[in-house]
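Comments concern the structure below.
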Amino acid sequence: MSLLAYCYYMSQDFLNSARVYEQLSKFYPEVTEYKLYLAQSHYKNGDFDQALKVTQSINDPSSQQKVILLQSVIRYEQDEIQHAKSLLRQ
């Protein structure tokens, strides 16, 4: 399934990519990368609120930098420039 999600993502089918990464996140909640890829798929699909929701559910300290960067990009796309800047200053 991981390969399928990756193929969807690389072919820019972000809706199906998100659908598969959602399933992978449920089956393997310990794999933080699936949640990150899920959030990125939502972001690429323009579903910024859902992307933020997913990033806020990631509690892995080793992925914190990636989460902050993704959150700041999402906030920037939502025209929340100051919020994006404040995230980057953390």
Checklist entry - Does the stretch 25-46 contain at least one residue that is acidic (Asp, Glu) and under 24 Å from Glu80 (Cα atoms)? => result no
Checklist outcome for this item: Within the stretch 70-89, the residues that are within 26 Å of Ser11 (Cβ to Cβ) and without any contact (Cβ under 8 Å) to a residue 12 or more places away in the chain are Tyr76
Item to check | Those residues of the stretch 2-32 which are exposed (fewer than 14 other Cβ atoms within 10 Å of the Cβ), closer than 23 Å to Pro61 by Cα and among the hydrophobic types (A, V, I, L, M, F, W, C), in sequence order | outcome: Phe27
Checklist entry - Mind checking which pairs have a first residue in the stretch 1-22 that is within 16 Å of Ala39 (Cβ to Cβ) and a second that is modelled with pLDDT under 95, Cβ under 8 Å, 6 or more apart or different chains? => result Val20/Met1
Item to check | Criterion violated by Glu80 - all others in (1) farther than 20 Å from Met1 by Cβ; (2) among the acidic types (Asp, Glu); (3) exposed (fewer than 15 other Cβ atoms within 10 Å of the Cβ); (4) more than 14 Å from the chain's Cα centre (by Cα) satisfied | outcome: (3)
Checklist entry - Which one is nearest to Val67 (Cα to Cα) among residues in the stretch 33-55 that are surrounded by 17 or more Cβ atoms within 10 Å (Cβ to Cβ) and of a type in the set (D, E, K, R)? => result Lys35
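A quick yes/no check of all residues on (1) under 18 Å from Glu77 (Cβ atoms); (2) part of a helix (DSSP H, G or I); (3) modelled with pLDDT under 95:
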{"site": "Gln12", "(1), (2), (3)": "yes, no, no"}
{"site": "Asn16", "(1), (2), (3)": "no, yes, no"}
{"site": "Tyr21", "(1), (2), (3)": "no, yes, no"}
{"site": "Tyr34", "(1), (2), (3)": "no, yes, no"}
{"site": "Tyr43", "(1), (2), (3)": "yes, yes, no"}
{"site": "Leu52", "(1), (2), (3)": "yes, yes, no"}
{"site": "Ile58", "(1), (2), (3)": "no, no, no"}
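Provide a single number: the residues in the stretch 62-73 that are buried (at least 17 other Cβ atoms within 10 Å of the Cβ) and within 18 Å of Glu33 (Cβ to Cβ). Lay out the reasoning, then the answer.
Here is the first cut: in the stretch 62-73, the residues buried (at least 17 other Cβ atoms within 10 Å of the Cβ) are 66-67, 70-73.
From the residues that got through so far, the ones that are within 18 Å of Glu33 (Cβ to Cβ) too are 66-67, 70-71, 73.
The total comes to 5.
The values are calculated or read from the model by the stated rules, or taken from the named source; none is laboratory data. Given the structure is predicted, the values throughout are model-derived calculations rather than measurements. Glycine gets a Cβ as well: all are built from the backbone with ideal geometry, and neighbour counts include every protein chain shown.
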